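Just below is one structure, and these are the notes that go with it.
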Amino acid sequence: MRFGVAVPTCVEGMVYPLPFGNHDDILHIATEAENLGYQSILVNDHLSTQQYVRDTFSTPPRYYEPLVTLAWLAGSTSQIRLMTGVIVLPMRDPVLLAKQVSSLDHISGGRITLGVGVGGYREEFEAVRPDLKHVRRADLVAEGLQALRILFRERRGSMDGELVGFDDVEMYPKPVQDPLPIYSSGNADGSLRRAAQLCDGWIPAGMPMARLQEMIHMLTSYAQEVDRSPDEISIAPQYVMCLGTTKEGAEQAFRQSQVHEHLVSLRKSTLKNQAIDTFVPNNLIGTPDDVAGRVSELADLGVSELAGMIVVADTPGEVIEQMQMFASEVMPAFAGTGGSNSSEVK
């Protein structure tokens, strides 16, 4: 089992209070994660403020662009993998994105994992791309993934899709990693199919154990339909993490946190119709023993990594305290199960 934590790039007013942390705080959390033995850090992607955040706070949040942020973090780290979780592909031009990601892979020494997805807020997509309001974001993701594979693989690439097109693009340097790992993010069936057909991993979020087990079986079937081995695809769910000396204390801290309010906002998209009272059992909340037990259950289902755990906290210092507790009291139980700190993905 490999472990990763989310760093606060685009989450002020969403996952954390506003203000929360600047670029120096992000760097401190990232370097501490590497020192503590985490295998990856994960950055989020937002270009505009969500309406519910505007309604909650009188000042706007600082959303640091994720690829620029990863370049900043790459220079101060040496082993930890640098993940996007996720790049909202419908808001990005695939050719420019391919160039940025390939450059980052070189700068970091081959440590990039590119998580892509539809995005949690259609309102943001429509604000950024009003000319595409009529388009299904899932279609943009599917064609965007095809475009990235062409650009990363072929010397000169062309594509004439319904939504994405380019002609005779010679993009160099290619990524250091061949192939560069791309993960499909999302809880919907379409995200799962894209993981099976086009990607190297799948990142669901906050998914109940029974549903995760069901969808892993579906992923196996989808992979076999296109003659792929399911073992080629990493299962990397994202969960909220909150540790306490007592289960009750951890649950109370979570329910009073900004993270809780963020999950409520996602009940219209990623966590569609998920009951609020299921948030605690569906995440990593409790004592270290409670959380280690849940991690063991996830490992038994075939989970290979916990990507970008969202740490419950009110300050960057509290994020680091939680990271330290998890590293010292949970991670040792999984030593030797794929948890060495390495740039290798699989």
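The values are calculated or read from the model by the stated rules, or taken from the named source; none is laboratory data. Keep in mind that this is a model prediction, so the values were computed, not measured. Using ideal geometry, Cβ is built from the backbone for each residue, glycine included, and neighbour counts are taken over all protein chains shown.
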Practice prompt. Kindly indicate which of LEU140, LEU132, LEU104 is under 18 Å from TYR172 (Cα atoms), aliphatic (A, V, I, L, M) and in contact (Cβ under 8 Å) with a residue 24 or more places away in the chain.
Written response: LEU104
Practice prompt. Please enumerate the residues belonging to segment 36-59 that are assigned to a loop (DSSP other than H, G, I, E, B) and free of Cβ contacts under 8 Å to residues at least 12 places away in the same chain.
Written response: SER58
Item to complete: Considering each of GLY244, GLY286 in turn, give the residue that is over 23 Å from the mean Cα position of the chain (by Cα) and either closer than 22 Å to VAL86 by Cα or not charged (D, E, K, R) (or both).
Response: GLY244
Fill in: Residue count, segment 283-333 (criterion: under 27 Å from PRO19 (Cβ atoms), among the aliphatic types (A, V, I, L, M) and surrounded by fewer than 21 Cβ atoms within 10 Å (Cβ to Cβ))
3
Worksheet item: List, please: which pairs have Cβ atoms under 7 Å, are six or more places apart or on different chains, and start with a residue in segment 60-76 that is over 16 Å from GLU124 (Cβ atoms) and touching a residue at least 40 places away in the same chain (Cβ under 8 Å) and end with one that is assigned to a helix (DSSP H, G or I) and small (Gly, Ala, Ser)?
Response: LEU73/ALA30
Worksheet entry | Which numbered condition GLY85 misses (of (1) within 18 Å of the chain's Cα centre (by Cα); (2) small (Gly, Ala, Ser); (3) modelled with pLDDT of 95 or more) | (3)
Item to complete: Out of the residues in segment 150-193 that are buried (at least 17 other Cβ atoms within 10 Å of the Cβ) and among the charged types (D, E, K, R), state the one that is nearest to the chain's Cα centre (by Cα).
Response: ARG193
Practice prompt. State whether one or more residues within segment 219-233 are in contact (Cβ under 8 Å) with a residue 40 or more places away in the chain, closer than 30 Å to PRO8 by Cβ, surrounded by 22 or more Cβ atoms within 10 Å (Cβ to Cβ) and touching an Asp or Glu at 6+ places or on another chain (Cβ under 9 Å).
Written response: no
Item to complete: Take segment 94-118 and flag every residue that is polar (S, T, N, Q) and within 15 Å of the chain's Cα centre (by Cα).
Response: THR113
Discussion item. Within segment 85-99, does at least one residue satisfy the condition of being without any contact (Cβ under 8 Å) to a residue 40 or more places away in the chain and of a type in the set (Gly, Ala, Ser)?
Written reply: no
Fill in: Among the candidates LEU243, LEU271, LEU284, residue that is of a type outside the set (D, E, K, R), touching a strand residue (DSSP E or B) at 6+ places or on another chain (Cβ under 9 Å) and modelled with pLDDT under 95
LEU271
Item to complete: Mind counting the residues in segment 12-35 that are touching a residue at least 40 places away in the same chain (Cβ under 8 Å) and either of a type in the set (Val, Ile, Thr) or not in a loop (DSSP other than H, G, I, E, B) (or both)?
Response: 14
